[in-house]
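Novice: Pasting a structure below so you can have a look.
The values are calculated or read from the model by the stated rules, or taken from the named source; none is laboratory data. Just so it is clear, the model here is predicted, and its values are computed rather than measured. A quick note on method: Cβ atoms are made from the backbone with ideal geometry, for glycine too, and the neighbour counts reach across all protein chains shown. Ligands, DNA and RNA are excluded from the accessible area calculation, which covers all protein heavy atoms including side chains. Shrake-Rupley method; radii C 1.70, N 1.55, O 1.52, S 1.80 Å.
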Amino acid sequence: MLHAGHTWVATIAALGALGLSVYNFLEAQKDPTADVILPHSLKMDADPEGVSLFLQPTVFTRFGTEDTELAKDVQLRLRRRDPAVGDRPDFFWKRTVKWTARYEPTDAVCAKAGTSPEADAACEKARNAPPDVWWEFESDPAPFIVAQSAPQKPSIEFKTHNWKLTPGRYEGTLTLLRASTRSPVKKAFCLVLGANDAEQIKQEGWDEFRNDVPGSEDRCYRWYE
């Protein structure tokens, strides 16, 4: 009787292990199901060639599967909310960049610290100066692999040659094209350009727009000071 009970316990344990193995196998065969999260910040810059919009989405998969996802392309669409205003920029993925912070060297300025109040003040100012934040080329646009253990955060420069930077609200869509399926991943967002934003961008270099500015209930990207 004791031997029979032991046999049943072993059988039940074996069946449980088999069921768990089958479940894990089926889970591993699932579609990786890529998804995209938009950042809180985007940057814009203008030059004689046109306007650049920099966006760094987080691309990830929802399940830990044996398969990985291949992102073939990332596209950006932006249109004025008011259809009567025909400012319809056409963007393309120009390159992937890397943002860096460059600090001014303080050794030469601070070498005279301690010799006079003016020298001390100059050294303190140099040490507290904000960094010069700019981007560097990282790679040409190319497909990239996404896995649950390795989400991707490409910092993409989208370029357009026909945007007039007309003030107003724009409705945007970021689209991720996947190799594993015909169904792209789309994320909608909105961008608000103020009356002076275009001149700020043209004259001062890149500017930052954020969708988490306090007091903004629509979660649109707005110029952030």
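Novice: Sorted by average packing, counted as other Cβ atoms within 10 angstrom per residue and highest first, what order do 190-196, 139-145 take?
Specialist: 190-196, 139-145
Novice: Assuming R0 = 41 Å, what is the FRET efficiency of residue 148 and residue 124, from their Cβ-Cβ distance, to the nearest 0.05?
Specialist: That pair, residue 148 with residue 124, gives E of 0.30.
Novice: Taking only protein heavy atoms and a 1.4 Å probe, what accessible area per residue, in Å², does region 128-225 have with all protein chains in place? List each step's numbers first, then the result.
Specialist: On the way: 5630 Å² over 98 residues.
Accessible area per residue, region 128-225: 57 Å².
Novice: With r as the distance between the Cβ atoms of residue 108 and residue 219 and R0 = 35 Å, compute the FRET efficiency 1/(1 + (r/R0)^6) and round to 0.05. The partial results should precede the final answer.
Specialist: Numbers: r = 46 Å, r/R0 = 1.30.
In this case the efficiency is close to 0.15.
Novice: Which residues' amide hydrogens lie under 5 Å from the amide hydrogen of residue 99, considering only partners 5 or more residues apart or on another chain, with H built in the peptide plane?
Specialist: Here 136 satisfy the definition.
Novice: Quick one: ranking 68, 181 by accessible area, 1.4 Å probe, largest first, what do you get?
Specialist: These residues rank, largest area first, as 68, 181.
Novice: Once you compute Rg and the Kirkwood Rh from C-alpha atoms, what is the Rg to Rh ratio for region 105-225?
Specialist: Ratio of gyration radius to Kirkwood radius: 1.12.
Novice: Another question about this same structure. Can you list the trypsin sites (Lys or Arg not before Pro) in region 36-78 that are in a DSSP coil and have 12 or fewer other beta carbons within 10 angstrom?
Specialist: Of the trypsin sites (Lys or Arg not before Pro), the ones in loops of region 36-78 whose Cβ has at most 12 other Cβ atoms within 10 Å are 62.
Novice: Residues with amide H under 5 Å of residue 73's amide H, sequence separation 5 or more or different chain, H placed in the peptide plane at 1.01 Å from N; which?
Specialist: 177
Novice: So if I average 1/r over every pair of distinct C-alpha atoms in region 160-225 and take the inverse, what Kirkwood radius in Å does that give?
Specialist: Taking every pair of different Cα atoms in region 160-225, averaging 1/r and inverting gives 13.7 Å.
Novice: Counting other Cβ atoms within 10 Å of each Cβ, which trypsin sites (Lys or Arg not before Pro) in region 101-202 have at most 15 and sit in a DSSP loop?
Specialist: Values: sites: 102, 112, 125, 127, 159, 164, 169, 178, 182, 186, 187, 202; in loops: 112, 164, 182.
Taking region 101-202 and a limit of 15 other Cβ atoms within 10 Å, the loop trypsin sites (Lys or Arg not before Pro) found are 112, 164, 182.
Novice: Okay, next question. At 1.4 Å probe size, with the rest of the protein present, what percent of the exposed accessible area of region 110-225 is carbon and sulfur atoms?
Specialist: 49
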